[in-house]
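Participant: First the structure, then my questions, so here it is.
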Amino acid sequence: QGVPFGSVRGLTDIFFLIGSVDDRSHLRTLARLSRLLGSEGLLSALRAAPDAVAARGLLLEADERLPV
């Protein structure tokens, strides 16, 4: 179930918390995450994941498929 968040119309149901020690690594992580979320079917799979461990696995698998 989603929640109203920011200026996005509708409800937001997936959130990421990025812990970073500097702006550069934070921006690199955001860029990589943005590319990951563009992977076909990833958002649907994340929504269907039964727990955080499964969601992490999905993200790691998608990350392995992206070029460096």
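Participant: Of all residues in region 1-38, count the ones that are in contact (Cβ under 8 Å) with a residue 12 or more places away in the chain and farther than 15 Å from Arg56 by Cα.
Facilitator: 4
Rundown of residues vs (1) open to solvent by 70 Å² or more (accessible area, probe 1.4 Å); (2) not in a loop (DSSP other than H, G, I, E, B), yes/no style:
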| residue | (1), (2) |
| --- | --- |
| Gly10 | no, no |
| Ile18 | no, no |
| His26 | no, yes |
| Ala31 | no, yes |
| Ser34 | yes, yes |
| Ser39 | no, no |
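Participant: Using the structure shown, decide if Val53 is surrounded by fewer than 13 Cβ atoms within 10 Å (Cβ to Cβ) and assigned to a loop (DSSP other than H, G, I, E, B).
Facilitator: No; evaluated as a whole, the condition is false for this residue.
Participant: Here's a follow-up. Of everything in region 18-44, what is under 19 Å from Val3 (Cα atoms) and more than 9 Å from the chain's Cα centre (by Cα)? Give them in sequence order.
Facilitator: Matches in region 18-44: Ser44 only.
The values are calculated or read from the model by the stated rules, or taken from the named source; none is laboratory data. None of these values were measured; they are calculated from a predicted model. Using ideal geometry, Cβ is built from the backbone for each residue, glycine included, and neighbour counts are taken over all protein chains shown. Surface areas here come from the heavy atoms of the whole protein model, side chains and all, with no ligands, DNA or RNA. Shrake-Rupley method; radii C 1.70, N 1.55, O 1.52, S 1.80 Å.
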